[in-house]
Amino acid sequence: ICIFEHWKPKVHPTTVIYSTLAKGFLNNNQPSKAMHILEEMQSEGCPRSTVLYNMVIGAHAAHGAMDEVAELMQCMQKDGCTPDIITFSTVVKGHCVKGDLDSALSVLREAQQSSVDLDAIVYSSIFYGCYRHNRSDLVDSLVSEMCSRCLTPSSFTLSIIVKMYSFQGRLNRAFEVVEALCRQPISADPRVATSLLKECVRNGDVDRAEDIFRSLLPTGGPDAKSFWQLV
């Protein structure tokens with residue numbers, strides 16, 4: 001920053017220079033100084049970009065500082081910077097970190113209205129937020145949305161979905177969703193298969209748990225913890 005201030009009177013700062021400084025502050029966990037860079041860019045009449053905003057928004061959203069995120073979103077609109085999938089994904093994740101799932105869904109709807117082509121990662125953040133903050137009431141509608149958009153969840157997300165249905169006592173529904181959304185046979189996806197095995201045991205369905213256990217044997221079997229639960 002000292003070099004920047006020294007050369008500033010001689011070399012007119014550009015968006016790239018300011019963005020590099022902001023990224024440096026963010027990498028050193030100094031989001032307030034990155035915000036100051038944005039303010040200075042405004043006072044200097046230097047254009048601000050969606051990429052720069054995304055970086056600063058991400059730093060605040062990671063800590064659930066959603067008031068600052070809302071302020072940055074308003075500044076984006078004033079600057080004519082269009083939010084993209086990274087913007088919306090980051091904001092959704094921030095609300096999930098804070099446990100405000102209703103706001104996360106509101107942002108999701110805003111993204112859909114903006115014709116942003118959402119991917120499975122956005123939904124993954126919401127599913128994880130639902131799991132962490134006991135909002136299994138949202139799982140059906142979110143699964144339906146993913147199916148309607150032909151999105152395939154990761155094994156991690158699918159295992160979370162299995163757990164939420166299990167907590168509701170809806171083991172059959174968990175199997176139906178896995179069959180509909182899994183990219184490969186259950187036996188070929190150890191994370192999802194192990195999750196189903198555990199939830200079968202939890203719900204007292206030992207026969208189905210044993211079937212899954214035997215299907216996993218050719219690939220090395222489940223982990224030791226799951227094995228002893230079944231025993």
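The values are calculated or read from the model by the stated rules, or taken from the named source; none is laboratory data. These figures come from a predicted structure and were not determined experimentally. All Cβ positions, glycine included, derive from the backbone under ideal geometry; neighbour counts span all protein chains shown. Side chains included, ligands, DNA and RNA excluded: accessible areas come from the protein's heavy atoms. Shrake-Rupley method; radii C 1.70, N 1.55, O 1.52, S 1.80 Å.
Quick notes
- Residue match in the stretch 93-108 (condition: open to solvent by less than 30 Å² (accessible area, probe 1.4 Å) and within 19 Å of Ala22 (Cβ to Cβ)): yes
- Residues (open to solvent by less than 40 Å² (accessible area, probe 1.4 Å), assigned to a helix (DSSP H, G or I), closer than 20 Å to Val143 by Cβ and hydrophobic (A, V, I, L, M, F, W, C)) located in the stretch 176-222: Val177, Val178, Leu181, Val192, Ala193, Leu196, Cys200
- Subset of the stretch 150-170 [under 17 Å from the mean Cα position of the chain (by Cα) and in a loop (DSSP other than H, G, I, E, B)]: Leu151, Thr152, Pro153, Ser154
- From the list Asp67, Asp140, Asp100, the lone residue that is of a type in the set (Asp, Glu) and more than 30 Å from Val192 (Cβ to Cβ) is Asp67.
- Pairs with Cβ under 8 Å, 6+ apart, first in the stretch 16-44 and β-branched (Val, Ile, Thr), second at pLDDT 80 or above and surrounded by 14 or more Cβ atoms within 10 Å (Cβ to Cβ): Ile37/Leu21; Ile37/Ala22; Ile37/Phe25
- Residue tally, condition of a type in the set (A, V, I, L, M, F, W, C) and either open to solvent by 20 Å² or more (accessible area, probe 1.4 Å) or over 17 Å from Lys98 (Cβ atoms) (or both), over the stretch 118-133: 3
- Residues that are among the aliphatic types (A, V, I, L, M), surrounded by fewer than 19 Cβ atoms within 10 Å (Cβ to Cβ), in contact (Cβ under 8 Å) with a residue 24 or more places away in the chain and part of a loop (DSSP other than H, G, I, E, B) do occur in the stretch 49-64.
- Contact annotation: no residue pair with Cβ atoms under 9 Å, 6 or more positions apart or on different chains, pairs a residue in the stretch 179-207 that is without any contact (Cβ under 8 Å) to a residue 12 or more places away in the chain and under 11 Å from Pro222 (Cβ atoms) with a partner that is assigned to a helix (DSSP H, G or I) and open to solvent by less than 60 Å² (accessible area, probe 1.4 Å).
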